[in-house]
């Protein structure tokens, strides 16, 4: 019964995601970001060098209003974005939308840089300063103070969905997934330990979070990028084909390997934009909550700093992840395979994913050449990167392709309860999330790389959880008062624990729906108040050109 309820709930959430992330929202995020880019005359993007100087602390002033430095604000925002969304989220994008989804992630990130410039500048222009020196800024304050109290329902809408969207369920879920796949650690144990660890830091507020993330984020980025670049260098001969695949599938709608989704271009675009929004949060408005707390008397300065986020997050980190996966994987699709049968590769069962019509199965196997055994019947192999030579008596004689690595089968055999004599083999499920990325690293660099990724994902996940704890607390404080924000921390920790034990589909659908509902009010306010930002930006750039600011 519980399984039936769970499946029904997941179906409802999937329907909600399909509606929420329909064409209108994609148009709002991409079209709105493109409008803001053109409206700005590309001037913020041309000041990227100045933004990097600001990050060095050259313009920090202790007496400026705010709670954290420019660098700490960006680190907190990046801690919430450079997380498992860059590792597991990219894998989800590729397995559900094909390699072409990566291209649309790039597009969303490119226009998202300007969107973040506007939304974070607004968070500074319309923030509340309190007598004790603390500040509150973000889309809900931008809406109420910038658009007026008549628009407050939009501010409430953002805050309500922000409370849900900023629950760290996906991060815990993916951390539990990779620990289970790589080390066999039970999900409930992972969820419990992470909940306690995050609670220690999260109750310390934005100052403690800012200090910790400023140390964590640079080191974990360097570690992950080094590992990813090492893998890509080893498969550098495949990189041109991967880049071509990304651009081709962006406009053809083909899923990778021709078999996982095989849907239209619209689905590929939606998938790319949706995963980019989860990855860098441009247009969603969450990063503005961190940038609104930065110490500065120049709102535009913090907007320029915020602009760096999507570039690092998506253009660099997500691209590395995508290339890692695509140079290490491929698919084999079999037509005519009897439903619910087990495919064996070199005598070992592999996971099989069926299409809706139950006429085609996709299965994933380790890298290399293999003997693939299928049940007897009319079997046709399609969609491989290279030719599979022959099928004789349901036995694939030789297969040469770039396959999707499969997870090692833990507890894949169980004894018969009656006589304890018969082994019943169970095929593992196909890999779709962070476990796929880990398997890609392991298949090329060796098992040690998979274990190294466990450490990296743990750092990514925990830093993201810390950033989200501040975001959600800000939304809760707006609705119920700052003196009750500790109540949200308890809710947050409960959500953190549940995320570790729930199935990933329900977790992803829940967060995706909340993010969509946050993006609507944020983009309305950002576009509507864009002239206010450009007025302040023109003044700032003029004074910068006149040499008014000295480091």
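Annotations
- Criterion violated by residue 185 - all others in (1) within 30 Å of residue 447 (Cα to Cα); (2) under 22 Å from the mean Cα position of the chain (by Cα); (3) in a loop (DSSP other than H, G, I, E, B) satisfied: (2)
- Residue under evaluation residue 49, criteria (1) assigned to a helix (DSSP H, G or I); (2) in contact (Cβ under 8 Å) with a residue 60 or more places away in the chain; (3) over 14 Å from residue 218 (Cβ atoms), criterion not met: (2)
- Meets criteria (modelled with pLDDT of 85 or more, assigned to a helix (DSSP H, G or I), under 16 Å from the mean Cα position of the chain (by Cα) and in the same structural domain as residue 155 (by TED's automatic domain parsing)) for residue 464: no
- When 257, 205, 253 are checked against the criterion of being surrounded by 14 or more Cβ atoms within 10 Å (Cβ to Cβ), at pLDDT below 85 and touching a helix residue (DSSP H, G or I) at 6+ places or on another chain (Cβ under 7 Å), 253 stands alone in meeting it.
- Checked against the criteria, residue 156 does not count as in a helix (DSSP H, G or I), under 27 Å from residue 516 (Cβ atoms) and modelled with pLDDT under 85.
- Test: residue in the range 81-90 that is surrounded by fewer than 24 Cβ atoms within 10 Å (Cβ to Cβ) and within 18 Å of residue 313 (Cα to Cα): no
- Whichever residue in the range 4-46 is in contact (Cβ under 8 Å) with a residue 12 or more places away in the chain and more than 27 Å from the chain's Cα centre (by Cα) and, among such residues, is surrounded by the fewest Cβ atoms within 10 Å (Cβ to Cβ): 43
- With respect to being in contact with a helix residue (DSSP H, G or I) (Cβ under 6 Å, 6 or more places away or on another chain), over 19 Å from residue 530 (Cα atoms) and assigned to a helix (DSSP H, G or I), residue 315 fits the description.
- The residue of the range 91-110 that is nearest to residue 249 (Cα to Cα), among those that are at pLDDT 85 or above and surrounded by 24 or more Cβ atoms within 10 Å (Cβ to Cβ), is 100.
The values are calculated or read from the model by the stated rules, or taken from the named source; none is laboratory data. This one's a predicted model, so the numbers in the text were calculated from it and none came from an experiment. Every residue, glycine as well, gets a Cβ built from its backbone with ideal geometry; the counts of neighbours run over all protein chains shown.
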